[in-house]
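Working notes, structure below.
The values are calculated or read from the model by the stated rules, or taken from the named source; none is laboratory data. Every value quoted in this text rests on a predicted model; they were computed, and no experiment measured them. Backbone-built Cβ (ideal geometry, glycine too); neighbour counts: all protein chains shown. Side chains included, ligands, DNA and RNA excluded: accessible areas come from the protein's heavy atoms. Shrake-Rupley method; radii C 1.70, N 1.55, O 1.52, S 1.80 Å.
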Number of protein chains: 2
Amino acid sequence: MTGNWRPIGVIGGMGPLASADFITRLVLGCGATRDCDYPRLLLDSNPHVPDRNAARHGGASPGPALAAMARGLVAQGAQVLAMPCNAAHGWADAIIGAIAETPAARFVNLVDAAVARVLALGARRVGVLGVAATLDAGLYHRPLQAAGIEVLEPEREAFGACIEAVKAGRHDDTTRAAMAAIAGALAAQGADVLIAACTEVPLILTQAPVPLVDATDALVNATLAAARIG
Amino acid sequence: MTGNWRPIGVIGGMGPLASADFITRLVLGCGATRDCDYPRLLLDSNPHVPDRNAARHGGASPGPALAAMARGLVAQGAQVLAMPCNAAHGWADAIIGAIAETPAARFVNLVDAAVARVLALGARRVGVLGVAATLDAGLYHRPLQAAGIEVLEPEREAFGACIEAVKAGRHDDTTRAAMAAIAGALAAQGADVLIAACTEVPLILTQAPVPLVDATDALVNATLAAARIG
């Protein structure tokens, strides 16, 4: 593996630990053998992006902050942009608009990458382990239902509590058990595939009773594929 | 814990996995509970920084690349700069010079942070688990010897092979055993403290036969202390 990569920019901080997890997985996924054979990685982990769930109930839009981050990363040299946050993809258009005048730059969509994996599995009924902002925006509902796939949602209050726990640094056994129970309930309802549709989920759920599509992993692969030259 | 932090800029990529480890530890060290309570973190993980060991034998200097990264991070808003690479601290002056005209920005020195921990332990004879560039530049020798502490060096060839293995993604049991043997040999030679003086070391050595000062951990703490407001 040579050092032929386009520079990667990560629109991060949603949450911060999920961004660190994404960076780690990108590095491990490169298959490089020396420092100089890795891609350049630029991260902007920004705590000032307005809350995605609150935005769907009258709060400030994350769009302008995400657009500013995208522009800043591209100004620093990034050509492939990725955002390890499912819910924030409800504002993906703001990012795409922000980089529209930079033909060398492209945005790799996490939801598209995850949905492609679900379709490849031949799923019929999918449990989407995502937060309210992801579910209410229909980020997964629309493409899955368009493919004739039924969508099941997690119990929202319990799921949201798990995600907040991870953001507060409690990716512990209690939180893991709670997330496993939520995943188990969806499988019991007939889900034949689950999607870890929140970047905090893979930090506390690595096994499930049915095949689990890790949207973060799908984004890692899609990002590296887009960044690799030749 | 509130969101009162100065933005942190990480001069990274030396190596890439060590930078990801540093970012992860910074996030976990914040003690924050919500996305908005974390500091802004900017990372430039750059594969184009000239090799630190080669630079000491006539190769290109890393100084200009490090200076450019520092300026870029400060331009993006970083006020506290940290560099998770011991050997690159041989060119710390290039970074300090690059940000000299930005009074709000400061560079947190990893070696200073690690040496302070060693001195607090009352060490008499210290094994420095660092690469040739770190040892030959006297980065740890000078401050430790000035404090009357004897410095022991690892077996260089075996140590260098371990570090290259980590950079190639092989932070596995074989590499861990090799590093444990190197640490054990230094303790057998009378070292009463060891320093993980290469940011790859803590990825493969978490226990040692004598107290182990993790320079990366010292930098995490010093960086967060410098970034915290009030």
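Quick check on the range A:1-128: take the gyration tensor over C-alpha atoms, sort the square-rooted eigenvalues as a ≥ b ≥ c, and tell me if it's rounded (a/c under 1.5), prolate or oblate. Oblate is the answer for the range A:1-128, as a/c is 1.5 or above yet b/c matches or exceeds a/b.
Amide H contacts of A:Gly9: A:Leu42, A:Gln79, A:Val80, A:Leu81, A:Ala82, each under 5 Å away and 5 or more positions distant or on a separate chain (H built 1.01 Å from N in the peptide plane; Pro and chain starts excluded). Taking other residues whose beta carbon is less than 11 angstrom from the beta carbon of B:Pro84, and scoring Lys, Arg as +1 and Asp, Glu as -1, yields -2. Near B:Arg71, once Lys and Arg are set to +1 and Asp and Glu to -1 for all other residues with Cβ below 11 Å from its Cβ, the sum equals -2. Whole angstrom only: what separates the Cα centroid of the range A:110-167 from the Cα centroid of the range B:74-146? Cα centroid to Cα centroid, the span is 46 Å. For chain A, the longest principal axis of the Cα atoms and the long axis of helix A:63-75 meet at an angle of about 40 degrees. When only Cα pairs below 8 angstrom with a gap of at least 6 residues are kept, chain A shows a relative contact order of 24 percent.
Whole Å is fine, so just give me how far the alpha carbon centre of the range A:11-66 lies from that of the range A:170-230. So the separation of the two Cα centres works out to 17 Å. Select from the range A:5-22 all residues whose loss of accessible area on going from the chain by itself to the full protein assembly reaches 30 Å² or more (probe 1.4 Å). For the range A:5-22, once contacts with the other chains are taken into account, A:Pro16, A:Leu17, A:Ala20 lose 30 Å² or more.
The GNM of chain A, with springs linking C-alpha atoms under 10 angstrom apart, assigns the highest mean-square fluctuation among A:Arg125, A:Arg34, A:Arg56 to A:Arg34.
Using only Cα atoms, find the angle between the long axis of helix B:215-227 and the longest principal axis of chain B, and express it within 0 to 90 degrees, rounded to the nearest 10. So the inclination is approximately 20 degrees.
Result for chain B in a Gaussian network model with C-alpha springs under 10 Å: among B:Arg40, B:Arg106, B:Arg52, the largest mean-square fluctuation is at B:Arg40.
Over all other residues within a Cβ to Cβ distance under 15 Å of B:Phe107, the charged ones net out to -1, with Lys and Arg as +1 and Asp and Glu as -1.
Relative to the longest principal axis of the Cα atoms of chain A, the long axis of helix A:16-29 lies at roughly 70 degrees. Each DSSP beta bridge with both residues in chain B is either parallel or antiparallel, and the antiparallel ones are about 5%. Placing pseudo-labels 7 Å out from each Cα toward the beta carbon at B:Arg170 and A:Asp112 gives an inter-label distance of 3.8 nm.
Between A:Thr206 and B:Arg228, the simple label model (points 7 Å from Cα in the Cβ direction) yields a spacing of 3.1 nm.
Take every DSSP beta bridge whose two residues both sit in the protein assembly as shown; close to 15 percent of them are antiparallel.
Overall form of the range B:93-143: oblate. Here a/c, set by the Cα gyration tensor axes a ≥ b ≥ c, is 1.5 or more, and a/b is not larger than b/c. Chains B and A: how much accessible area gets covered up at their contact, both sides added, probe 1.4 Å, in Å² to the nearest hundred? Interface between B and A: roughly 2700 Å².
When the alpha-carbon atoms of the range A:177-230 are used, the pair Rg, Dmax equals 13.4, 45 angstrom. Residues in chain A average 38 Å² of solvent-accessible surface per residue, probe 1.4 Å, ligands and nucleic acids excluded. Once both labels are positioned 7 Å from their Cα atoms along Cα-to-Cβ, the gap between B:Ala146 and B:Ala187 label points is 3.0 nm.
With helices as the sole contributors, chain B gives -13000 deg cm²/dmol at 222 nm; each DSSP H run of n ≥ 4 counts as -39500 (n - 2.57), and the sum is divided by every residue. Surface composition of the protein assembly as shown: carbon plus sulfur atoms contribute 51% of the solvent-accessible area (1.4 Å probe, protein chains only, all chains present). Pairs of Cα atoms nearer than 8 Å and 6+ residues apart set the relative contact order; for the range A:111-215 it is 35 percent. Extents of the range A:108-230, taken as max minus min of Cα coordinates on every principal axis and listed largest first, are 45, 32, 26 Å.
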